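The next block holds one structure in the form of structure tokens; read it before the comments.
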Amino acid sequence: MPITTRQLIQWKQQGRPISVLTAYDWAIARLLDSAGVDVILVGDSLAMVALGYETTIPLTLEEILHHARAVRRGVKQALLVVDLPFLTYQASPQQALESAGRVMKEAEANAVKLEGGYPALIETVRYLVQAGIPIMGHVGLTPQSVHQLGGFRKQGKTPETAEQILQQALALEQAGAFAIVLEHIPAELGEQITQALGIPTIGIGAGPNCDGQVLVTSDLLGLSAWQPPFVKTHANLHEIITQAVQQFCADVKAQKFPESS
Ligand code: KIV
């Protein structure tokens, strides 16, 4: 049976940790899905790790939809969540409904993720949930606000900003979100928010005591040009691919490939 948002909430209650990874194409989505990852996220990190933009800001709805449709074709079991890009939901609840609606209908996503916890965004989340769209929140470091935050910096380091992030998470839960990503905040704050909420927290640089953990798959596999300090690389595909390509080039030059029959 495919994984549901209700199941994630039950897993939190049972203390069963939740695994989340990003995918941007069919081939990787199939691999992640059959390897047993619980949630696959078509994150707007797509912009930086697959499309070569410097931030997530330039990404368009059309671009993420194109990738999300490919990922959908590779996902059978995991819950499929898709990010709404910058300025495709902030203008009004109506704009958010139209963008989220396209993601749900055209990419057949199971849920939509959006960033922030300010009052107008909370109202938008409430509106989307009432319309039947499952919402994953995202607080702490919200990369779509990188210029306002002054870089990809850790958030919630003072008691005031920590309290603000906690309140945002509580408000998102109240508005009907089924899970919340906590990005790049102190581990103690990640734990405090996790204990305060009935819905699962998914941490990325938020310490070990969140209900689940998410990584950008290119970081996990050692494929990123740059990666944040909290990432644990589980494989070095950069080296493996470079060696394979160098070997191919050498074989072609030496006329060792293809072998004559
Ligand atoms: O865009 C993304 O990949 C994300 C994760 C880092 C949570 O939002």
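If the Cβ limit is 7 Å and pairs must be 6+ apart or interchain, which residue in the stretch 214-234 that is farther than 20 Å from residue 52 by Cβ pairs with which residue that is in a helix (DSSP H, G or I)? If the second residue must be in a helix (DSSP H, G or I), the pairs left are 233/219; 233/220; 234/220. Just one of (1) within 15 Å of the ligand (Cβ to nearest atom); (2) hydrophobic (A, V, I, L, M, F, W, C); (3) over 22 Å from residue 203 (Cα atoms) fails for residue 26. It is (1). Looking across the stretch 16-71 at every residue that is acidic (Asp, Glu) and within 20 Å of residue 152 (Cβ to Cβ), the one that is modelled with the highest pLDDT is identified as 44.
Counted as qualifying within the stretch 1-103 are the helices (runs of 4 or more DSSP H) with 2 or more residues that are farther than 21 Å from residue 225 by Cβ, namely 5-14, 26-35, 61-74. Among the residues of the stretch 73-87, those identified as open to solvent by 10 Å² or more (accessible area, probe 1.4 Å) and in contact (Cβ under 8 Å) with a residue 40 or more places away in the chain are 73, 76, 77, 86. If the condition is being closer than 21 Å to residue 184 by Cα and either open to solvent by 40 Å² or more (accessible area, probe 1.4 Å) or touching a helix residue (DSSP H, G or I) at 6+ places or on another chain (Cβ under 7 Å) (or both), then the stretch 123-140 contributes 135, 137, 139, 140.
Of the residues making up the stretch 8-55, those that are closer than 18 Å to residue 210 by Cα, open to solvent by 40 Å² or more (accessible area, probe 1.4 Å), touching a residue at least 40 places away in the same chain (Cβ under 8 Å) and over 16 Å from the mean Cα position of the chain (by Cα) are 9, 17. Residue 64 falls short of the stated requirement of being within 13 Å of the ligand (Cβ to nearest atom), open to solvent by less than 60 Å² (accessible area, probe 1.4 Å) and under 23 Å from residue 200 (Cβ atoms).
The values are calculated or read from the model by the stated rules, or taken from the named source; none is laboratory data. The structure presented is a predicted model; accordingly, all values stated were derived computationally and were not measured. Neighbour counts are summed over all protein chains in view; Cβ atoms, including those assigned to glycine, are modelled from backbone coordinates with ideal geometry. For accessibility, only protein heavy atoms count, side chains too; no ligands or nucleic acids. Shrake-Rupley method; radii C 1.70, N 1.55, O 1.52, S 1.80 Å.
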